[in-house]
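This report refers to the structure that appears directly beneath it.
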Amino acid sequence: MKDLTRLTLAEAREGLAAKSFSAVELTQSFLDAMEKAKSLNAFIVETPEKALAQAGDSDARIARGEARPLEGIPLGIKDLYATEGVQTTAGSHILEGFIPPYESTVTSHLWRDGATMLGKLNLDEFAMGSSNETSYFGPVVSPWRRKGADGEISDAKLVPGGSSGGSAAAVAARLCLGATATDTGGSIRQPAAFTGTVGMKPTYGRCSRWGVVAFASSLDQAGPIAKTVRDAAILMRSMAGHDPKDTTSVDAPVPDYETSIGASIKGKVIGIPREYRLDGMSPEISALWEQGVAWLRAAGAEIRDISLPHTKHALPAYYIVAPAEASSNLARYDGVRYGLRKTGKDISDLYEKTRAAGFGKEVRRRIMIGTYVLSAGYYDAYYLRAQKIRSLIKRDFDLAYAAGVDAILTPATPSPAFALGEKGSADPVEMYLNDVFTVTVNMAGLPGLAVPAGLSSDGLPLGLQLIGRPFEEETLFALGQVIEDAAPKIGLPESWWG
Ligand code: GLN
């Protein structure tokens, strides 16, 4: 039989419906692939028994003609989503051994629609990071390798991006048909760009955050990482939807996003923000961006230069707002309610010992920054100013959209993937700079789609980002499909892992 792991989600759905293979066979192919790809460290927990049981139920439903939208589709779940009865760690020692008695709303939607869970995917600790090197369970390794000028494949291990590094690596390495991810400042789009996969960060409020471990609640959004734009649209339809348990979740109907695939983009106005043309931008990233403009223009879009004047303040403001919210959200991990507990001579000592032992370096740094910027003497100088900047960033986008712009095209990342250990060890800001094109979208609560668009000179994936109007993800899917169709096919040509 053909290697089923090479199918897209949409193709697998067709194959299951046509009974070309069973859901159990499909799931088993992915379980076998996971077994061979342990070196990537993409999964924290694998759930083969659960997957096969769910697949068995799917086969019974298919036989009865009762297939649901994701019937028998094997997925990986970022280990930030609470899964009932299955360990949920957020990549942290402090939650090791935590077995939630409840299911996140987004994952419950996926099971409602018939999907199968292969396991929990590795991530940066509490989703803080851009390289998936901060996980307590070790870094995720990208399935990609650099190619030298002589065509020689380098042995250097590359990062898959972060924080949804396990999700991106697993989809790219064909260990699942799609994955859940989350994005607070770029964690869906940046790893998607690094691994040649598609990542959709929906509008704030589109997907419920209930049962997703909180990092920065006003920025966090759930979304999919998938092989293709169509697959991302299929997953989004199931993941999205109103949830009374999340007061920021929007009560609006969920469109059938898949109908946007192949829709005409004629007359769509695409803004090209001049502030994203950074000093020292690599020629290869500029060229990719130009290429994206040319593809959209050729498909009938109108290209317009625009200005988003407050862009340069977005990254510093993000790195105040996100740690501030994180320091408050992470106060709940005290050794009493969840996971790890270190004994102490009194309750304060127990808190301190547990938190010191349970949180990694990056998380401790964020808690300290967050506590500092919220403290009485510094609140006005840092937190309040960052919030004001946030309003200005949002206004920049509002004005562009009010002037008729339908979507904005930018690069997804300032560089292709880098080597493990290459960035951020001496200066964390070096790592934070990876998010320069993505954080504005979270600050403004907008949807953003990362689509693979080409390869770097050393053979690594590069992505473009499309930023949309609030709740107009459909436009992004239509535009993303145009880029996907025009771009050279960059699927991993062979197995460089396992
Ligand atoms: N890299 C960013 C950070 O470290 C964004 C992370 C995310 O989107 N979860 O905060």
>> Exactly one of these conditions fails for LYS36: (1) farther than 25 Å from ARG230 by Cβ; (2) buried (at least 24 other Cβ atoms within 10 Å of the Cβ); (3) basic (Lys, Arg). Give me its number.
In response: (2)
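Report whether or not LEU235 is within 21 Å of PRO470 (Cα to Cα) and of a type in the set (A, V, I, L, M, F, W, C).
yes
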> Can you name the residue in region 137-164 that is within 16 Å of the ligand (Cβ to nearest atom) and aliphatic (A, V, I, L, M) and, of all such residues, is surrounded by the fewest Cβ atoms within 10 Å (Cβ to Cβ)?
Replying inline: VAL159
> Out of all the residues in region 115-136, is one or more more than 14 Å from the ligand (Cβ to nearest atom), assigned to a strand (DSSP E or B) and either more than 25 Å from LEU9 (Cα to Cα) or among the charged types (D, E, K, R) (or both)?
Replying inline: yes
>> Just to be sure before I move on: is ALA357 within 14 Å of the ligand (Cβ to nearest atom), at pLDDT 95 or above and of a type in the set (A, V, I, L, M, F, W, C) in the structure I sent?
In response: no
>> Can you tell me which residue is farthest from GLU473 (Cα to Cα) among those in region 433-450 that are within 11 Å of the ligand (Cβ to nearest atom) and of a type in the set (S, T, N, Q)?
In response: ASN434
> Say we look at region 218-273 and pick out the residues that are under 15 Å from ARG206 (Cα atoms), within 16 Å of the ligand (Cβ to nearest atom) and of a type in the set (A, V, I, L, M, F, W, C); which of these is surrounded by the fewest Cβ atoms within 10 Å (Cβ to Cβ)?
Replying inline: LEU219
>> Return the residues of region 192-205 that are within 21 Å of PRO255 (Cβ to Cβ) and open to solvent by less than 10 Å² (accessible area, probe 1.4 Å); say none if nothing qualifies.
In response: VAL198, GLY199, MET200, LYS201, PRO202, THR203, GLY205
> When you go through (1) under 21 Å from THR5 (Cβ atoms); (2) open to solvent by 20 Å² or more (accessible area, probe 1.4 Å); (3) in contact with a Gly (Cβ under 9 Å, 6 or more places away or on another chain) one by one for LEU52, which number turns out not to apply?
Replying inline: (3)
> Does region 158-211 hold any residues that are aromatic (Phe, Trp, Tyr) and part of a loop (DSSP other than H, G, I, E, B), and which are they?
Replying inline: TYR204, TRP210
> Can you name the residue in region 287-327 that is without any contact (Cβ under 8 Å) to a residue 12 or more places away in the chain and not charged (D, E, K, R) and, of all such residues, is nearest to the ligand (Cβ to nearest atom)?
Replying inline: ALA287
> For region 294-318, what are the residues that are outside any strand (DSSP E or B) and open to solvent by 30 Å² or more (accessible area, probe 1.4 Å)?
Replying inline: ALA294, TRP295, ARG297, ALA298, ALA299, SER307, PRO309, HIS310, LYS312, HIS313, PRO316
>> Where the second residue is of a type in the set (S, T, N, Q) and open to solvent by 40 Å² or more (accessible area, probe 1.4 Å) and the first is at positive phi and lies in region 251-279, which pairs have Cβ atoms under 8 Å and are six or more apart or on separate chains?
In response: none
> at pLDDT below 95, touching a helix residue (DSSP H, G or I) at 6+ places or on another chain (Cβ under 9 Å) and surrounded by fewer than 19 Cβ atoms within 10 Å (Cβ to Cβ), is that true of PRO428?
Replying inline: yes
> Can you tell which of ARG364, ARG385 is open to solvent by 60 Å² or more (accessible area, probe 1.4 Å), within 16 Å of the ligand (Cβ to nearest atom) and assigned to a helix (DSSP H, G or I)?
Replying inline: ARG364
> Looking at SER29, is it on the phi < 0 side of the Ramachandran plot, crowded, with 17+ Cβ neighbours inside 10 Å and of a type outside the set (Asp, Glu)?
Replying inline: yes
>> Going by what's in this entry, would ARG337 be described as without any contact (Cβ under 8 Å) to a residue 40 or more places away in the chain, outside any helix (DSSP H, G or I), touching a Gly at 6+ places or on another chain (Cβ under 6 Å) and open to solvent by 40 Å² or more (accessible area, probe 1.4 Å)?
In response: no
>> Taking the conditions exactly as written (in contact with a strand residue (DSSP E or B) (Cβ under 7 Å, 6 or more places away or on another chain) and either at pLDDT 95 or above or open to solvent by 40 Å² or more (accessible area, probe 1.4 Å) (or both)), does THR107 satisfy them or not?
In response: yes
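How many residues are among the β-branched types (Val, Ile, Thr) and in contact with a helix residue (DSSP H, G or I) (Cβ under 7 Å, 6 or more places away or on another chain) when one looks only at region 45-71? Steps first, please.
Within region 45-71, the first condition is being among the β-branched types (Val, Ile, Thr), and the residues that meet it are 45, 47, 62.
Restricting the remaining residues to those that are in contact with a helix residue (DSSP H, G or I) (Cβ under 7 Å, 6 or more places away or on another chain) gives 62.
Number satisfying all stated conditions: 1.
The values are calculated or read from the model by the stated rules, or taken from the named source; none is laboratory data. Treat the numbers as computed from the prediction; the structure is a model and nothing was measured. Positions of Cβ are backbone-derived with ideal geometry, glycine not excepted, and every protein chain shown enters the neighbour counts. Note: areas computed on protein heavy atoms with side chains; ligands, DNA, RNA excluded. Shrake-Rupley method; radii C 1.70, N 1.55, O 1.52, S 1.80 Å.
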